Structure formats: C-alpha cells, structure tokens
Amino acid sequence: MRFARPRSLLAAGAVCVVGAVGAVTVVTSASAAAGCAVTYRVGSQWPGGFSGSVDLTNLGDPLNGWTLTWSFTAGQQVSQGWNAVFSQSGAQVTARNQTWNAGLGTGAVVNLGFNGSWNNSANPAPTSFALNGVACTGSTTPTTAPTTTSVPTTAPPTTPPPTTPPTTTGPPRTFTNPIKLRGPDPWLTHYNGYYYLATTTWNNTITMRRSRTLGGLASAPDTLLFTLTR
C-alpha cells in the first residue's frame, strides 16, 4: 500500500488557523509541512506468525528524531523488529528511530522490518499511519500478496504397516569401550608414531596413556599429568 500527504507550501513561521464555533485550533508550520509516504508489505506467513516491512519516505521538512505509528485491525502483534525501536499498546504499533538513523531529511527513506503473530485466518493491512503525529493519507491496498503456508484442515490418511514390526528377544546388549573402560572427558591425538589418550577421573586428576596402536591404549599404563589442589 502507499500513503502520501502533499508537502505544505506554508513558509516557516506561518500558521494555519481552523475555526469552529467555540473552538480554534492552531497548527504550526512545522506540523503543517510534515508528510510521508509508506509502503507496507507482508513477506511471508506461517502458522501463528508472519514477517512484514515498512518503507517510510519523509515528504516534509527534515526531521531530527521521528516516530511512525500505525494500527492493526485483526489482533496482530509485533514480536521482533529491526531498524527501529518497536513497542505496541493494544492495536497501535509505535516505531521510533534508533540513534544512527534519527536524521530523516526531505525525501529520505528508511526501511523497517518486523516479525509478528496473527490468527491464521485474517492478516489485513494496518491503518492510520502517522509520522510524528501527522497522518499519512492514501489507499490501503497491500502492495504484495502474502505467501501463506497452508495448514491442513483434516488429518492426513494413515496406512497401517503391512506386517508387525519384529521384536527383539533375549538379554539386553551392552557395549564396552575397547580403549578405556572408565575415562571421562577423553581427548585423543596422534604424534610422532604414538597415540596419546588423556582422560579425567571426574574430579581433580588428569592422566594420559601412550601406545603405538589404538588397541594398545587399553592396556597401556596411566601417567599422572595433573592434580588439582586448593
């Protein structure tokens, strides 16, 4: 979708006075000269979540600090965002500039992205886009149709196995480490024709065995390398 508000031609310092019976509203030139264009896209959707992006163009005076707000209409919730500081109260989402993109000159564009949640049945485009409190105007037609991962409405058919799976009988099978029966935290390397195996004893000792072959490590003597003391 694209929202646009024409740039005011009021000179700096001028005011626009709107009169009504019993009330007068004064709008400063800084507010009157504000304006923006917004392109909103939904990149993808999946059960319970979706990704969205907003391209914000400043059509008004240069800004040093900006805030963009919009309202969701189907209970969507922003869970994660980037290129802005996101917050949400009810249906209204607020995206504030980060320190490195606070300056937004006339015609400058900033891209915002976020992940959110939805109800898996409706994800309409948000409404009421406003830059620093000044509403953007335009249509609300999505520019990109969302891609949705379908959720099956019925359970897929299942086919029973043609035969009953075999059962294992007899005593349980065990495995014995052929290199070292008890050796926590093993570390093995080969250097200059020897295999070296270092292990701990679960507490404060490190030992090492050395052998020309892997199988020989099973009977090689342990050499104490380190004992931790207080």
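The values are calculated or read from the model by the stated rules, or taken from the named source; none is laboratory data. Just so we're clear, the structure is a prediction, and the values are computed from it rather than from any experiment. Glycine gets a Cβ as well: all are built from the backbone with ideal geometry, and neighbour counts include every protein chain shown. What goes into the accessible areas is simple: the full protein's heavy atoms, side chains included, and nothing from ligands, DNA or RNA. Shrake-Rupley method; radii C 1.70, N 1.55, O 1.52, S 1.80 Å.
Quick one: Gly133 ticks every box in (1) at pLDDT 85 or above; (2) surrounded by 12 or more Cβ atoms within 10 Å (Cβ to Cβ); (3) of a type outside the set (Asp, Glu) bar one, so which box is it?
(2)
Of everything in the range 53-85, what is open to solvent by less than 50 Å² (accessible area, probe 1.4 Å), assigned to a loop (DSSP other than H, G, I, E, B), within 16 Å of Cys136 (Cα to Cα) and of a type in the set (A, V, I, L, M, F, W, C)? Give them in sequence order.
Those that are open to solvent by less than 50 Å² (accessible area, probe 1.4 Å), assigned to a loop (DSSP other than H, G, I, E, B), within 16 Å of Cys136 (Cα to Cα) and of a type in the set (A, V, I, L, M, F, W, C): Trp66, Phe72.
Among the residues of the range 207-226, what is the count of those that are in a strand (DSSP E or B) and open to solvent by less than 60 Å² (accessible area, probe 1.4 Å)?
Of the residues in the range 207-226, the ones in a strand (DSSP E or B) are 207-211, 223-226.
Filter once more, so that each one left must be open to solvent by less than 60 Å² (accessible area, probe 1.4 Å): 207-209, 211.
Count: 4.
Do we find a residue being at pLDDT 90 or above, under 16 Å from Cys36 (Cα atoms) and open to solvent by 30 Å² or more (accessible area, probe 1.4 Å) anywhere in the range 109-124?
Looking through the range 109-124, at least one residue is at pLDDT 90 or above, under 16 Å from Cys36 (Cα atoms) and open to solvent by 30 Å² or more (accessible area, probe 1.4 Å).
Which residue, of Ser211, Ser150, Ser139, is modelled with pLDDT of 90 or more and of a type in the set (S, T, N, Q)? So that I can check it myself, show each step before the final result.
Details: Ser150 fails: modelled with pLDDT of 90 or more; Ser139 fails: modelled with pLDDT of 90 or more.
Ser211 is the lone residue from the list that is modelled with pLDDT of 90 or more and of a type in the set (S, T, N, Q).
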